[in-house]
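Right, one structure below, let's go through it.
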Amino acid sequence: MDSILNTVLPVFAMIVLGFGLTKLKIFDAAAGRGISLFVFNVAIPALLFKTVATMEPQQAAPWSLWFAFFGGLAITWIAAAYASRFIESLNVSGGAAASMAAGFGNLALLGTPLALAHYGQQVAIPLGMILSVHAPVLWFAAMLHRELSLHSSSFSIARTAKELFRNLATNAIVLSLIAGSLWRFLGLGLHPVAGTILDMLADASVPTALFALGVSLAGYSLKGSWSGMFALIGLKMVLMPILVFLMVRFVVTIPPLWAQVAVLFAAMPTGANAFLFSQKNEEAVAAVSGAIALGTGLAAISASILLYLMDRGMI
């Protein structure tokens, strides 16, 4: 239990620090965005590039991991779309915003720091495999869901596929994994200077990600749409991890550490991209922002319980 507290408390203390300094007007949204860009485009890609470029041959391919994680996510997505029919604050665009919020977890700013803090850099490969396709796949699914609900007669698969390709081609995490794979394949090795620089950037990824999350949380609200907010939290933080756990236990065969990363990631609260999708389309904004704010606070408890169960071999 001490090891879990030593993982979880510092993680959420960094979030509280970012939140508090923003509320005190020492930091603002622009500063938070700058830190987030550093995390997404520099620090985490540096960690993933070095890990992939220097790793030993892996025990498993990503297909089973993806099937387990995104299979559980897909069922949760459908459940959210169905539930949105009965909740007024979520009943827009066929439930696209609700499904996005129920499926898109805060993996980069919360899941990754938690996993690295508890397990170390040995989890970089499975978390990188999920992170590399998580945002592009879910943005594509959400856009497809919404377009089919609102404009089924004028929907263009070519336009949507082009948008997906553009997102993948400009995603620093995807590019770092590809570059690391090529570097390793060519057997180029890493000069000590380059290795030290990559280590410094990788070491910065965890604290800066957590601080940026705290800054961003200061802009979210808990006002209104309580039923929708609690429905999203239940779908994202209860149903999805249970489904992914069932997948890794009974459906696919993957290394135990990979399975634990998949379940931990599935249990993360709704992430900022879901809010961006909701805000962009002006749909379910209050419920989604509330799910992010309250869900992140609840994650301090749920993540502690989950890590305890994992360490005891129950998951």
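See the values below:
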{"read-out": "Selection count where residues are modelled with pLDDT under 85 and crowded, with 22+ Cβ neighbours inside 10 Å, scope region 36-48", "value": "4"}
{"read-out": "Members of region 241-263 that are of a type in the set (Val, Ile, Thr) and assigned to a helix (DSSP H, G or I)", "value": "Ile242, Val244, Val248, Val251, Val261, Val263"}
{"read-out": "Pair list, Cβ under 6 Å, 6 or more apart: region 174-188 residue of a type in the set (Val, Ile, Thr), other residue crowded, with 16+ Cβ neighbours inside 10 Å and modelled with pLDDT under 85", "value": "Val174/Ser132; Val174/Leu168"}
{"read-out": "Scan of region 262-279 for residues that are modelled with pLDDT under 95 and of a type in the set (A, V, I, L, M), ordered by number", "value": "Ala272, Ala274, Leu276"}
{"read-out": "Only one of Ser221, Ser181 that is among the polar types (S, T, N, Q), farther than 15 Å from Val11 by Cα, at pLDDT below 85 and not in a helix (DSSP H, G or I)", "value": "Ser221"}
{"read-out": "Cβ-Cβ under 8 Å pairs, at least 6 apart or on other chains, region 269-291 side at positive phi, far side among the hydrophobic types (A, V, I, L, M, F, W, C)", "value": "Ala284/Leu90; Ala284/Val92; Ala284/Ala97; Ala284/Ala98; Ala284/Ala101"}
{"read-out": "Check on Ala204, within 17 Å of the chain's Cα centre (by Cα) and either surrounded by fewer than 22 Cβ atoms within 10 Å (Cβ to Cβ) or modelled with pLDDT of 80 or more (or both)", "value": "no"}
{"read-out": "Residues of region 80-128 classified as assigned to a helix (DSSP H, G or I) and either over 12 Å from the mean Cα position of the chain (by Cα) or farther than 27 Å from Asp199 by Cβ (or both), total", "value": "29"}
{"read-out": "Criterion: without any contact (Cβ under 8 Å) to a residue 40 or more places away in the chain, out of contact with any strand residue (DSSP E or B) (no Cβ under 7 Å at 6 or more places or on another chain) and assigned to a helix (DSSP H, G or I) - qualifying residue of Leu309, Leu298", "value": "Leu309"}
{"read-out": "Pick from region 264-295, criterion in contact with a strand residue (DSSP E or B) (Cβ under 6 Å, 6 or more places away or on another chain) and assigned to a loop (DSSP other than H, G, I, E, B), ranking: farthest from Ala141 (Cα to Cα)", "value": "Met268"}
{"read-out": "Selection status of Ala287, within 24 Å of Leu17 (Cβ to Cβ), aliphatic (A, V, I, L, M) and surrounded by 16 or more Cβ atoms within 10 Å (Cβ to Cβ)", "value": "no"}
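The values are calculated or read from the model by the stated rules, or taken from the named source; none is laboratory data. On a predicted model such as this, the values are computed, not experimentally measured, just so you know. We place every Cβ from the backbone using ideal geometry, glycine too, and count neighbours over all the protein chains shown.
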